[in-house]
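Here is the structure we will look at.
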Amino acid sequence: MVTVPGASIRALAYPALVGSPRVGDRVLLNVTALEAGLGTGGYALVVAIPDRLPADAELSGHIVKSRYTPLQVMTGSADEQGSPYHELLESADSLDAMPVVVADLLDRLMRLAGVDVPVWLDPARARPADVPVQYGDPARIRALCGWGPQVPLDQTLADVLATITP
């Protein structure tokens, strides 16, 4: 529990990121998702313990989580080289029941196109109700129509690039 002016609220700290809060510590809280009623489970998030910074973490991997925010964290990822799942994901030829992250699709498109595109979040266009993750499952359309993907994902993306590039 964290005491704020006029109330006490539940707060969640990730010790690997902010250190371990102790009773009496001042903490910096992010209450944006809590106030919006989004998926925090009713908790504010501890962003920092300003009077006692944590030791530098021994982080592995080269994937940045919380991209395009001031709270970026380096971590390993299933699709990075060195992951036991890298080859499986690299050889995927459809999105059947796979979580699809727009940033991952963009990374794949940029690799195929041989370009690097700057990406940023425009807060004026962000919608607080956007669902951060959606899972695709073509089972219903396959059952109703007998449809299934015939073209591998990388080929589909290459075809899209071919139609929009001179």
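Relative contact order for segment 2-48 using alpha-carbon pairs under 8 Å, separation at least 6, rounded to a whole percent? Reported relative contact order: 41 percent.
On full extension, the segment bounded by residue 159 and residue 1 gains 51.5 nm, given 0.36 nm per residue less the C-alpha separation.
Bear in mind these aren't lab numbers, they're just calculated from the coordinates by the rules spelled out. Note that the structure is predicted; figures quoted are calculated from it, not measured.
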